[in-house]
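K.L.:
Can you read through this structure? Questions will come right after.
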Amino acid sequence: MAVFDLAQQPLRELNRTLHDLPEETNETHWKVTNPMGLHNIAVGLDRPITVEIDGHVGYYCAGMNQQAEVLVNGNCGQGVAENMMSGRVVVRGNASQSAGATAHGGLLVIEGDAAARCGISLKGGDIVVKGSVGHMSAFMAQAGRIVVCGDAGEYLGDSLYEARIYVRGKVSQLGADCVEKEMEAAHLEELRDLLSAAGVEADPADFRRYGSARNLYHFNVDKMDSY
């Protein structure tokens with residue numbers, strides 16, 4: 001295992017080293033120590049490697065990730081796994097706002113809580129939050145799945161497109177055009193697979209499903225107050 005100490009080596013050198021790895025590298029497991037809340041750690045990765053970060057990280061950790069697995073042994077700031085394309089990101093703590101924003105693919109697992117706007121403008125990735133999420137989560141989420149094992153704050157799924165949301169706890173308030181939908185057998189199976197992939201032991205039958213009512217797809221002057 002290669003160890004990179006950010007108290008001794010600059011962050012730019014870490015990211016440059018990870019970006020320059022050959023496609024057939026045998027250096028597949030990296031440990032990063034003393035992250036000290038720095039921003040942009042392990043961004044833009046595009047190799048099937050594992051990067052384990054021991055400590056709290058700042059903004060946009062593991063942003064634009066492809067192929068890699070990034071493990072954060074701490075809390076993370078805004079925009080973790082932002083615009084992720086593939087791979088897996090696990091936060092073994094809490095996440096600040098906009099976790100998984102615009103993610104196109106891959107899996108983001110947050111073992112604690114996520115703040116406001118979790119999964120904003122999601123475009124195909126999957127997010128599993130073992131705790132609760134803040135207000136405006138899944139705002140304008142277009143595709144993908146969001147699983148919340150705890151509670152959800154106000155305006156969940158506001159202006160939602162075709163992303164699917166599963167919540168086990170209470171929802172403070174649904175956003176514009178977001179409605180509760182029936183949990184069919186296919187959804188229970190889908191949720192079971194997501195929970196298993198995230199290492200969550202929970203009964204899919206305890207969750208409720210939310211999705212778009214599809215009333216805001218086209219402008220309607222009679223629904224002006226909803227826009």
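This table checks each residue for (1) more than 24 Å from Lys181 (Cα to Cα); (2) part of a loop (DSSP other than H, G, I, E, B).
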| position | (1), (2) |
| --- | --- |
| Val80 | yes, yes |
| Met84 | yes, yes |
| Gln97 | yes, yes |
| Ser121 | no, yes |
| Gly124 | no, no |
| Met136 | no, yes |
| Gly150 | no, yes |
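K.L.:
Within the group Ile146, Ile120, Ile127, Ile165, which residue is of a type in the set (Val, Ile, Thr) and either free of Cβ contacts under 8 Å to residues at least 24 places away in the same chain or out of contact with any strand residue (DSSP E or B) (no Cβ under 9 Å at 6 or more places or on another chain) (or both)? Can you show your working first?
P.N.:
Numbers: Ile146 fails: either free of Cβ contacts under 8 Å to residues at least 24 places away in the same chain or out of contact with any strand residue (DSSP E or B) (no Cβ under 9 Å at 6 or more places or on another chain) (or both); Ile127 fails: either free of Cβ contacts under 8 Å to residues at least 24 places away in the same chain or out of contact with any strand residue (DSSP E or B) (no Cβ under 9 Å at 6 or more places or on another chain) (or both); Ile165 fails: either free of Cβ contacts under 8 Å to residues at least 24 places away in the same chain or out of contact with any strand residue (DSSP E or B) (no Cβ under 9 Å at 6 or more places or on another chain) (or both).
Unique residue meeting the criteria: Ile120.
K.L.:
Closer than 20 Å to Ala197 by Cα and touching a Phe, Trp or Tyr at 6+ places or on another chain (Cβ under 9 Å): is that true of Val80 in this structure? If you could, list the steps in order and put the result at the bottom.
P.N.:
Working: closer than 20 Å to Ala197 by Cα: yes; touching a Phe, Trp or Tyr at 6+ places or on another chain (Cβ under 9 Å): yes.
Criteria met by Val80.
K.L.:
Then there is this: If you scan region 22-39, which residues turn out to be under 21 Å from Gly87 (Cβ atoms) and surrounded by fewer than 18 Cβ atoms within 10 Å (Cβ to Cβ)? Don't jump to the end; show me each part of the working.
P.N.:
Within region 22-39, the subset under 21 Å from Gly87 (Cβ atoms) is 22-32, 35, 38-39.
Listed by number, the residues that qualify are Pro22, Glu23, Glu24, Thr25, Asn26, Glu27, Thr28, His29, Lys31, His39.
K.L.:
I need the full set of residues from region 63-94 which are free of Cβ contacts under 8 Å to residues at least 24 places away in the same chain and over 21 Å from Ala143 (Cβ atoms), in order please.
P.N.:
Once the filter is applied, which keeps residues that are free of Cβ contacts under 8 Å to residues at least 24 places away in the same chain and over 21 Å from Ala143 (Cβ atoms), region 63-94 yields Glu69, Leu71, Val72, Asn73, Cys76, Gln78, Val90, Val91, Arg92.
K.L.:
Let me ask another. Of the residues that sit in region 183-227 and are under 29 Å from Leu71 (Cα atoms) and assigned to a loop (DSSP other than H, G, I, E, B), which one is farthest from the chain's Cα centre (by Cα)?
P.N.:
Out of the qualifying residues, it is Asp203.
K.L.:
Restricting to region 195-208, count the residues that are touching an Asp or Glu at 6+ places or on another chain (Cβ under 8 Å) and either among the polar types (S, T, N, Q) or closer than 15 Å to Gly131 by Cα (or both).
P.N.:
Total meeting the criteria: 1.
K.L.:
Provide a single number: the residues in region 184-195 that are more than 14 Å from Arg145 (Cα to Cα) and either in contact (Cβ under 8 Å) with a residue 24 or more places away in the chain or surrounded by 11 or more Cβ atoms within 10 Å (Cβ to Cβ) (or both). Walk me through how you get there before you give the answer.
P.N.:
As a first pass, look at region 184-195 and keep what is more than 14 Å from Arg145 (Cα to Cα): 184-185.
Those left that are additionally either in contact (Cβ under 8 Å) with a residue 24 or more places away in the chain or surrounded by 11 or more Cβ atoms within 10 Å (Cβ to Cβ) (or both): none.
Summing the residues that are more than 14 Å from Arg145 (Cα to Cα) and either in contact (Cβ under 8 Å) with a residue 24 or more places away in the chain or surrounded by 11 or more Cβ atoms within 10 Å (Cβ to Cβ) (or both) in region 184-195 gives 0.
K.L.:
Identify the residue in region 1-21 that is among the polar types (S, T, N, Q) and assigned to a helix (DSSP H, G or I) and, among all such residues, is nearest to Met84 (Cα to Cα). Step through it out loud before you land on a result.
P.N.:
So the first thing to find is which residues in region 1-21 are among the polar types (S, T, N, Q), and the list is 8-9, 15, 17.
Checking which are assigned to a helix (DSSP H, G or I) leaves us with 15, 17.
Working: Asn15: 16, Thr17: 20 Å.
The qualifying residue nearest to Met84 (Cα to Cα) is Asn15.
Where a number appears in this text, it was derived from the coordinates with a stated rule and is not lab data. It should be emphasised that the depicted structure is a prediction, and the values quoted were computed from it without experimental measurement. Glycine gets a Cβ as well: all are built from the backbone with ideal geometry, and neighbour counts include every protein chain shown.
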